[in-house]
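The values are calculated or read from the model by the stated rules, or taken from the named source; none is laboratory data. Just so it is clear, the structure is predicted and the values come from calculations on it, not from any experiment. Note that each Cβ is placed from the backbone with ideal geometry, even for glycine, and that neighbours are counted across all protein chains shown. The protein model used for the area step is the full one, side chains on, heavy atoms only, and it has no ligands, DNA or RNA in it. Shrake-Rupley method; radii C 1.70, N 1.55, O 1.52, S 1.80 Å.
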Amino acid sequence: MANEPYTYSPLLGREIRLLEIEPSLNDDAPLRGSLHTVHLDDQRVVFSALSYLWGDPDFSYNVTIDSCDISITRNASHALRDLRTSLQSKHIQFKYIWIDGLCIDQSNLEERGKQVRLMRDIYSKV
(Lines give C-alpha, C1' and ligand atoms only; values in the text may rest on other atoms or scores of the structure.)
Protein backbone atom coordinates (compact mmCIF):
# COMPACT_ATOMS: atom_id res chain seq x y z
CA MET A 1 0.00 0.00 0.00
CA ALA A 2 1.41 3.39 -1.00
CA ASN A 3 2.15 5.97 1.63
CA GLU A 4 0.56 9.41 1.63
CA PRO A 5 2.39 12.16 -0.29
CA TYR A 6 4.75 14.26 1.83
CA THR A 7 3.53 17.66 3.04
CA TYR A 8 6.34 20.20 3.35
CA SER A 9 6.35 22.62 6.26
CA PRO A 10 6.96 26.28 5.32
CA LEU A 11 10.50 27.68 5.34
CA LEU A 12 11.24 31.11 6.79
CA GLY A 13 14.03 33.48 5.76
CA ARG A 14 17.28 31.59 5.25
CA GLU A 15 15.99 28.22 6.39
CA ILE A 16 16.65 25.10 4.35
CA ARG A 17 15.72 21.44 4.69
CA LEU A 18 18.35 18.74 5.03
CA LEU A 19 17.83 15.04 4.45
CA GLU A 20 18.97 12.49 7.00
CA ILE A 21 18.94 9.01 5.44
CA GLU A 22 18.14 6.01 7.62
CA PRO A 23 20.87 3.38 7.59
CA SER A 24 20.28 -0.08 6.20
CA LEU A 25 22.55 -3.07 5.76
CA ASN A 26 20.41 -4.21 2.82
CA ASP A 27 21.24 -2.36 -0.43
CA ASP A 28 17.78 -3.19 -1.79
CA ALA A 29 15.90 -1.88 1.25
CA PRO A 30 13.51 1.01 0.60
CA LEU A 31 15.00 4.47 1.02
CA ARG A 32 13.80 6.11 4.22
CA GLY A 33 14.75 9.26 6.02
CA SER A 34 13.62 12.52 7.52
CA LEU A 35 13.87 16.17 6.60
CA HIS A 36 15.23 18.63 9.14
CA THR A 37 14.75 22.38 8.91
CA VAL A 38 17.89 24.35 9.76
CA HIS A 39 19.07 27.93 9.41
CA LEU A 40 21.61 28.26 6.64
CA ASP A 41 23.83 30.49 8.79
CA ASP A 42 24.08 27.96 11.64
CA GLN A 43 27.81 27.12 11.64
CA ARG A 44 27.22 23.91 13.62
CA VAL A 45 25.35 22.26 10.74
CA VAL A 46 27.60 20.17 8.47
CA PHE A 47 26.13 18.83 5.25
CA SER A 48 26.87 17.96 1.66
CA ALA A 49 24.86 18.99 -1.39
CA LEU A 50 23.75 17.25 -4.53
CA SER A 51 21.79 18.42 -7.53
CA TYR A 52 19.88 15.52 -8.96
CA LEU A 53 17.55 17.17 -11.42
CA TRP A 54 19.57 15.63 -14.25
CA GLY A 55 19.35 12.50 -16.33
CA ASP A 56 16.14 10.66 -17.08
CA PRO A 57 13.18 12.76 -15.87
CA ASP A 58 11.23 9.63 -14.90
CA PHE A 59 10.16 10.10 -11.26
CA SER A 60 9.20 6.44 -10.72
CA TYR A 61 11.28 5.88 -7.58
CA ASN A 62 10.40 6.89 -4.02
CA VAL A 63 12.03 7.90 -0.80
CA THR A 64 9.89 7.64 2.30
CA ILE A 65 10.15 10.71 4.51
CA ASP A 66 8.41 10.55 7.88
CA SER A 67 6.11 7.77 6.58
CA CYS A 68 5.22 9.74 3.43
CA ASP A 69 6.47 9.24 -0.12
CA ILE A 70 8.36 11.71 -2.30
CA SER A 71 8.93 10.72 -5.92
CA ILE A 72 12.53 10.88 -7.11
CA THR A 73 14.43 10.01 -10.26
CA ARG A 74 16.40 6.85 -10.88
CA ASN A 75 19.64 8.85 -10.59
CA ALA A 76 18.57 10.26 -7.23
CA SER A 77 17.67 6.80 -6.00
CA HIS A 78 21.10 5.47 -6.97
CA ALA A 79 22.86 8.45 -5.41
CA LEU A 80 20.96 8.04 -2.14
CA ARG A 81 21.68 4.31 -2.04
CA ASP A 82 25.39 5.02 -2.56
CA LEU A 83 25.23 7.64 0.18
CA ARG A 84 23.52 5.21 2.54
CA THR A 85 26.24 2.62 1.89
CA SER A 86 28.96 5.23 2.51
CA LEU A 87 27.29 6.27 5.75
CA GLN A 88 27.23 2.64 6.91
CA SER A 89 30.94 2.25 6.18
CA LYS A 90 31.71 5.67 7.72
CA HIS A 91 33.56 6.79 4.58
CA ILE A 92 31.92 10.20 4.76
CA GLN A 93 32.01 12.84 7.47
CA PHE A 94 28.57 14.42 7.21
CA LYS A 95 25.18 13.36 8.48
CA TYR A 96 22.91 15.50 6.33
CA ILE A 97 22.56 16.15 2.64
CA TRP A 98 20.81 18.95 0.77
CA ILE A 99 19.28 17.75 -2.50
CA ASP A 100 17.55 20.40 -4.58
CA GLY A 101 14.75 18.24 -5.94
CA LEU A 102 13.96 16.73 -2.55
CA CYS A 103 14.68 19.45 0.03
CA ILE A 104 12.83 22.14 -1.92
CA ASP A 105 9.06 21.82 -2.26
CA GLN A 106 8.97 21.62 -6.07
CA SER A 107 5.22 22.32 -6.14
CA ASN A 108 5.64 25.66 -4.32
CA LEU A 109 6.84 28.27 -6.85
CA GLU A 110 7.47 30.93 -4.19
CA GLU A 111 9.63 28.58 -2.12
CA ARG A 112 11.50 27.39 -5.21
CA GLY A 113 12.35 30.97 -6.12
CA LYS A 114 13.60 31.78 -2.62
CA GLN A 115 15.65 28.59 -2.38
CA VAL A 116 17.21 29.11 -5.82
CA ARG A 117 18.42 32.52 -4.59
CA LEU A 118 20.11 30.74 -1.64
CA MET A 119 21.85 28.09 -3.75
CA ARG A 120 25.16 29.97 -3.96
CA ASP A 121 25.26 30.14 -0.16
CA ILE A 122 24.16 26.52 0.17
CA TYR A 123 26.92 25.24 -2.12
CA SER A 124 29.51 27.49 -0.49
CA LYS A 125 28.91 25.74 2.87
CA VAL A 126 29.72 22.23 1.63
Be a star and scan the stretch 15-34 for residues whose amide nitrogen sits under 17 Å from the point 7 Å along the Cα-to-Cβ vector of residue 94. 15-22, 34
Show me, for the stretch 27-44, the HN-Hα J-couplings you get by feeding each phi into the Karplus relation (A = 6.51, B = -1.76, C = 1.60, θ = phi - 60°), rounded to Hz, glycine and proline as x. 4, 8, 5, x, 6, 9, x, 9, 9, 10, 8, 9, 8, 4, 8, 6, 5, 6
So the FRET efficiency between residue 42 and residue 74, C-beta based with R0 = 25 Å and rounded to 0.05, is 0.15
Based on the mean of other beta carbon atoms within 10 Å per residue, what is the order of 22-28, 60-66, most packed first? 60-66, 22-28
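At 0.36 nm per residue, and after removing the present C-alpha to C-alpha distance, how many nm does the segment from residue 108 to residue 126 gain when stretched out fully?
4.0 nm is the gain from fully extending residue 108 to residue 126.
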Provide 117, 32 ordered by accessible surface of protein heavy atoms (probe 1.4 Å), highest first. 117, 32
Rounded to the nearest 500, what is the 222 nm mean residue ellipticity of the chain from helices alone, with -39500 (n - 2.57) per DSSP H run of 4+ residues and division by all residues? -9000 deg cm²/dmol
Carbon plus sulfur fraction of accessible area for the chain, probe 1.4 Å, in percent: 51
